[in-house]
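Report on the structure given below.
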Amino acid sequence: MTDSIGICTRRSLFTGVGAAAVASATGLAHADSSSLPLPKSDPILTISGKIGVHNVGDTATFDMASLEALGVTSFTTTTPWTKQVAFQGVLFETLMNRVGSTGTKALAYALNDYVVEIPLKGFTSDGPLLATKMNGSYMPIQKFGPLFVVYLFDSHPEWRNNAVYARCIWQLQKLVIV
């Protein structure tokens with residue numbers, strides 16, 4: 001929250017948090033079918049930029065439950081960092097459609113300050129996947145979690161190259177659609 005000159009103040013922050021709490025408690029937070037519900041637990045992903053669907057200010061914010069509520073898909077593949085693993089999560093295309101993305105690329109930010117650009121074209125029905133689980137278990141931060149962008153390398157040899165490997169960001173926390 002910012003004041004009239006664009007500075008975040010304690011008062012504007014508390015006012016915004018209070019408004020969000022009231023909206024959530026009264027059900028106004030997602031009265032419009034195109035809006036997103038507010039996260040009920042700690043957010044794990046924030047999406048901003050060229051999106052048309054929001055739930056916290058001009059962002060789309062997800063906790064694990066609200067992210068997985070978009071629909072979970074799974075596939076098994078080998079990556080440069082893992083042996084053959086079963087990944088479960090949300091297709092990147094599903095997520096971009098849900099937030100009304102109108103951009104051409106996503107700037108993806110990890111917890112460790114790694115940033116990569118992911119083109120928002122050429123998605124397939126099998127990837128990329130925003131993985132939330134590996135072999136049926138949620139991924140801790142120390143092991144790629146909580147979110148890991150993964151491609152189905154075993155079925156798509158054209159994806160086995162350094163440009164695509166670089167897009168496989170783990171510890172993903174934020175996307176900015178440009």
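The values are calculated or read from the model by the stated rules, or taken from the named source; none is laboratory data. As the structure is a computational prediction, the values presented were derived from the model and not from experiment. Counting neighbours? That spans all protein chains shown, and the Cβs are built from the backbone with ideal geometry, glycine included. For the accessible areas, the whole protein counts, side chains as well, though only heavy atoms, and no ligand, DNA or RNA atoms are used. Shrake-Rupley method; radii C 1.70, N 1.55, O 1.52, S 1.80 Å.
Taking the stated definitions as given, is Ser35 touching a helix residue (DSSP H, G or I) at 6+ places or on another chain (Cβ under 8 Å) and either modelled with pLDDT of 95 or more or not hydrophobic (A, V, I, L, M, F, W, C) (or both)?
Numbers: touching a helix residue (DSSP H, G or I) at 6+ places or on another chain (Cβ under 8 Å): yes; either modelled with pLDDT of 95 or more or not hydrophobic (A, V, I, L, M, F, W, C) (or both): yes.
Answer is yes for this residue.
Where residues in the range 145-162 are part of a helix (DSSP H, G or I) and at pLDDT below 95, which of them is most open to solvent (accessible area, probe 1.4 Å)?
Out of the qualifying residues, it is Glu158.
Across the range 50-68, which residue is most open to solvent (accessible area, probe 1.4 Å) among those that are closer than 21 Å to Trp170 by Cα and of a type outside the set (S, T, N, Q)?
In this case the residue turns out to be Ala65.
Return the pairs, sorted by first residue and then second, in which the second residue is outside any strand (DSSP E or B), the first residue lies in the range 130-144 and is open to solvent by 70 Å² or more (accessible area, probe 1.4 Å), the beta carbons are less than 9 Å apart, and the residues are 6+ apart or on different chains.
Qualifying pairs under 9 Å: Tyr138/Met64; Tyr138/Gly145; Tyr138/Pro146; Ile141/Leu111; Ile141/Gln171.
Go through the range 35-47 and give me each residue that's part of a strand (DSSP E or B) and either in contact with a Cys (Cβ under 9 Å, 6 or more places away or on another chain) or buried (at least 19 other Cβ atoms within 10 Å of the Cβ) (or both).
Leu45, Ile47
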